[in-house]
Amino acid sequence: MSEATTIVSFPGFGIGEMELNKIAFTLFGKLEVRWYGIIITLGIICAVAYVIFRGKKNEHVIMDDIIDIALLTVILGVIGARAYYVLTTLDQYKNFGEALAIWNGGLGIYGGIIGGCMGIVIMCLIKKISWRKLFDMAAPGVMIAQAMGRWGNFFNGEAYGYAIGDTTRFFFFNKELVLTSGEGTVFNFFRMGLNQYGYTTYYHPTFLYESVWNILGFVVANIIYKHKRFHGQIALFYFTWYGFGRMFIEGFRTDSLYVPGTNIRISQLLGLVCFIGAGVALLVLSILTRKRARLLEVEDAAYEAAKKVEAELAAEEK
């Protein structure tokens, strides 16, 4: 088996061992085009298509503006994702050229989100469009792009977790527990077999956990969109949902990045911050929006009552 191939299986889904090649095809005999890059690109296309759909159906933002916004957002998103990864793994790079070599792998989703948000804000200010509205349009699209992107990790044979049954340092406060895959357990159903040295070991497929979590979030976000009360609501839901899921799923992984000098996983810590910060903001703004709606209802009722009384007095005077 070459370094470009991986042998995986998913017994819970009835999928036996299959050999995956990281390389989809080669151009001009030299340029390797990998499945990871293809899948990430398809995820971006799907995200932009979703934003166009929401712009037409709900938010009245034209496609030309969305394409302009997407161009800068994607560029800054990729730069942010790479910068995040490099800054958290500086000891892996000997020079600046290696840090720029994105084709060798290494992207951080949180950096991509930060860069993408910057791109949306900048372009919305230029075009005089509400950036909160664009955040709402983009959030479900980002969820589906993330769900697809994790399958790029699948083809690379990466982003899986501890071997099932091994001691797992599950949460960022370093709590240890053992999760088994006995018959009837969820871990038995989802377990991923990885044949690396002539025998199969079963691992937590954390890329799959996160993909499923994002698909569920996408469905819920679209349900909420039908009852959206204020700009920014869907984006806050995304940060709350994703932060909560990532906070737990990261605990299964063996390739986590840590806060220097601690046992705290960076992605878990950021997930906790997103979950609490966005969750509190979502709750507070939802309550304030409802109170404002009720106040407006009272004012409207008072106005209609006053008009009725005025009409009655005018009729009596006649």
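The values are calculated or read from the model by the stated rules, or taken from the named source; none is laboratory data. Predicted model, so just to flag it, every value in this text is computed and none were measured. With ideal geometry, Cβ positions are generated from the backbone for all residues, glycine too; neighbour counts draw on all protein chains shown. In case anyone asks, the SASA skips ligands and DNA or RNA and just uses the protein heavy atoms, side chains included. Shrake-Rupley method; radii C 1.70, N 1.55, O 1.52, S 1.80 Å.
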**OP:** Restricting attention to region 251-278, report how many residues are in contact (Cβ under 8 Å) with a residue 40 or more places away in the chain and part of a helix (DSSP H, G or I).
**Re:** 9
**OP:** Just name the residue that is nearest to Phe155 (Cα to Cα) out of those in region 58-83 that are of a type in the set (Val, Ile, Thr) and part of a helix (DSSP H, G or I).
**Re:** Val78
Subject >> Pairs, first closer than 16 Å to Ala47 by Cα and in a helix (DSSP H, G or I) in region 202-224, second modelled with pLDDT under 95 and open to solvent by 30 Å² or more (accessible area, probe 1.4 Å), C-beta under 6 Å, six or more apart >> reply: Ser211/Arg150
Original post:
If a residue has to be surrounded by 12 or more Cβ atoms within 10 Å (Cβ to Cβ), in a helix (DSSP H, G or I) and more than 22 Å from the chain's Cα centre (by Cα) to count, how many in region 22-57 make the cut?
Top reply: 1
**OP:** Starting from region 177-200, keep only residues that are under 13 Å from Tyr162 (Cα atoms) and open to solvent by 70 Å² or more (accessible area, probe 1.4 Å), then list their pairs with residues that are at pLDDT below 70 and in a strand (DSSP E or B) whose Cβ atoms are within a distance under 9 Å, requiring at least 6 positions of separation or different chains.
**Re:** Val178/Thr167; Val178/Thr168
Original post:
Before we move on, is Glu3 acidic (Asp, Glu) and modelled with pLDDT of 85 or more?
Top reply: no
